[in-house]
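The values are calculated or read from the model by the stated rules, or taken from the named source; none is laboratory data. On a predicted model such as this, the values are computed, not experimentally measured, just so you know. Glycine also receives a Cβ, built like all others from the backbone with ideal geometry; neighbour counts cover every protein chain displayed. Accessible surface areas use protein heavy atoms only, side chains included; no ligands, DNA or RNA. Shrake-Rupley method; radii C 1.70, N 1.55, O 1.52, S 1.80 Å.
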Amino acid sequence: MATEKERGRLGDILMREFAEYAAQLTAEGYDWAAVWATGAWPAESRLRWLHGRFLLAQECAAMIGHRFSDDEITQFHREHLAHGALFPDGPPSMGSP
């Protein structure tokens, strides 16, 4: 059985892969929230490669019982984007400048 730390790390990897995939969708002019689950990209497309990386991360996370629905993944990414908008220069720190 996977530890809490391992589940957390695989969840982080899953969301990192999704963020990269969603960013590429946006860069290519797609509404990421509407089309991310499609996965019907041409074989030579970077989107197909990124979608495959995300699916692999999703499968790895699922193998240890860390499953997310499509709606949860979409919501996590919306929250990620909102957090990024709040801190465009990165998260604040308690250290000295």
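Would you mind calculating the gained length between Arg78 and Ala37 on full extension (0.36 nm times residue separation, minus the Cα-Cα distance), in nm to one decimal? Could the numbers behind the result be given before it?
Numbers: separation 41, 0.36 × 41 = 14.76 nm, distance 1.50 nm.
Value of the extension gain: 13.3 nm.
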Phi to ³J(HN,Hα) by Karplus 6.51 cos²θ - 1.76 cosθ + 1.60 over region 12-22, Hz, x for Gly, Pro
5, 4, 4, 6, 5, 5, 5, 4, 5, 4, 5
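Might you tell me the accessible area per residue for the chain, computed with a 1.4 Å probe and given in Å²? Provide the component values of the computation, followed by the final result.
Values: 6780 Å² over 97 residues.
For the chain, the per-residue accessible area is 70 Å².
Ranked from the most accessible area to the least, with a 1.4 Å probe and all protein chains present, what is the order of Met94, Met15? The partial results should precede the final answer.
Details: Met94 195, Met15 45 Å².
Ranking Met94, Met15 by accessible area, largest first, yields Met94, Met15.
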Three-way shape label, the chain, alpha-carbon gyration tensor, a/c 1.5
oblate
Where the accessible area of the chain is counted over protein heavy atoms with a 1.4 Å probe, how much of it, in %, is carbon and sulfur?
56
Looking at Trp36, Gln24, Ile13, which one has the Cα that reaches farthest to the positive end of the dipole of region 1-48 (charges on Cβ: Lys, Arg +1; Asp, Glu -1)?
Ile13
Approximate spin-label separation Glu59-Glu6, in nm, with each point projected 7 Å along Cα-to-Cβ:
1.9
Note down the magnitude of the dipole of the chain about its Cα centre, charges +1 on Lys and Arg C-beta and -1 on Asp and Glu C-beta and zero elsewhere, to the nearest 20 debye.
220
